[in-house]
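The values are calculated or read from the model by the stated rules, or taken from the named source; none is laboratory data. Predicted model only: the values in this text are computed from it and were never measured. Heads up, the Cβs are rebuilt from the backbone with ideal geometry, glycines too, and the neighbour counts pull from every protein chain shown. Accessible surface areas use protein heavy atoms only, side chains included; no ligands, DNA or RNA. Shrake-Rupley method; radii C 1.70, N 1.55, O 1.52, S 1.80 Å.
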Amino acid sequence: MNFDARSEIYNKYRKADWRLTNKIVDLLSLEKGSIIADIGAGTGNYSIAIQNQGYQVIAIEPSIKMIEECSDSRNILFVNSPAENILLNDNIVDGTIIINAIHHFKNLAQAFYEVNRISKPGPLLILTFDPMICRKIWLYDYWPHLRTYIDEYYLNINILKELLRKIFDTEIEEIAYNIPIDFEDTFASALWGRPHLLLEEKRRSAMSLFNFMDSKQLKYGLKRLENDLLTKKWEKKYSYLSGLDSYDVGYRFLLLHIKR
């Protein structure tokens, strides 16, 4: 997945949502001034948002282009390294977050061993998707082959939790997080109630799902979606979404506490 090509538009379309930021800080339950590692930080949008709440954030990101596009690079400490080989000393961070990023790691187990190595006793908070839930939303009615992407990149949530238990030898708390209708971080599933935004080419290009498919598959689904929006067929077919303030698209927090 080429993140360098997407770096210039990431800040515009993948903003840190303030409600998610507050939830992350609440679940970490760390004292102000604590050092938090943000693994797979992208352009650092969530790193900035969390640091602005009084924490010290170290943003770990393998793409130098993403780092260069950070909107506040003078105040955020970036480490240019992959999750599988984090260029930090042992026992240096008080807590770690991985926000919608583990599906991009090349070796998930190795990445978790690295998190364990750099961590003092404290929380590890992962935000990911439950593939059994997220693959059922209406998006896949227009691009059914995207279920292949979900199956290839996302572990079954129970298998993921078992891997975490094996590496960290602790229990895992799973917490569902419903996405608000006006969520500011516009990944594909966050547009569950705003399908018209998927017709924007630049917005789509900031989403992993739409970088996965070829142009023929993309155009096929776009044509169907555009037609269904014009004819109001989409509204009728998915009327159960009408009036909802938030919706479960499969987003899940996994929270554990690293021991020593």
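Residues in region 11-43 that are touching a Pro at 6+ places or on another chain (Cβ under 9 Å) and of a type in the set (Gly, Ala, Ser) were compared, and the one that is surrounded by the most Cβ atoms within 10 Å (Cβ to Cβ) is Gly40. Residue-level analysis places Asp182 among those that are of a type in the set (Asp, Glu), within 23 Å of Gly42 (Cα to Cα) and either open to solvent by 80 Å² or more (accessible area, probe 1.4 Å) or free of Cβ contacts under 8 Å to residues at least 40 places away in the same chain (or both). Here Met132 passes the criteria (1) among the hydrophobic types (A, V, I, L, M, F, W, C); (2) surrounded by 13 or more Cβ atoms within 10 Å (Cβ to Cβ); (3) not in a helix (DSSP H, G or I) except the one numbered (3). Restricting region 195-217 to residues that are in contact (Cβ under 8 Å) with a residue 60 or more places away in the chain and surrounded by fewer than 17 Cβ atoms within 10 Å (Cβ to Cβ), the residue that is farthest from Ile9 (Cα to Cα) is Gln217. Do you know which of the residues in region 112-152 that are among the aliphatic types (A, V, I, L, M) and touching a strand residue (DSSP E or B) at 6+ places or on another chain (Cβ under 7 Å) is farthest from Val249 (Cα to Cα)? Filtering first and then ranking leaves Ile118. For the condition of a type outside the set (D, E, K, R), open to solvent by less than 60 Å² (accessible area, probe 1.4 Å) and in contact with a Phe, Trp or Tyr (Cβ under 9 Å, 6 or more places away or on another chain), Ile150 qualifies. Assessment of region 48-55 against the conditions (assigned to a helix (DSSP H, G or I), touching a Cys at 6+ places or on another chain (Cβ under 8 Å) and surrounded by 13 or more Cβ atoms within 10 Å (Cβ to Cβ)) yields at least one matching residue.
Within region 68-93, being out of contact with any helix residue (DSSP H, G or I) (no Cβ under 6 Å at 6 or more places or on another chain) and open to solvent by less than 40 Å² (accessible area, probe 1.4 Å) holds for Cys70, Val79, Ser81. Here region 155-179 is the region considered, the condition is being part of a loop (DSSP other than H, G, I, E, B) and of a type in the set (A, V, I, L, M), and the residue that is least open to solvent (accessible area, probe 1.4 Å) is Ile172.
One residue alone among Glu152, Glu114 is part of a helix (DSSP H, G or I) and at pLDDT below 95, and that residue is Glu152. Close contacts from region 23-36, counting a first residue that is in a helix (DSSP H, G or I) and a second that is open to solvent by 40 Å² or more (accessible area, probe 1.4 Å), with Cβ to Cβ under 7 Å and a gap of 6+ residues or different chains, come to Val25/Gln53.
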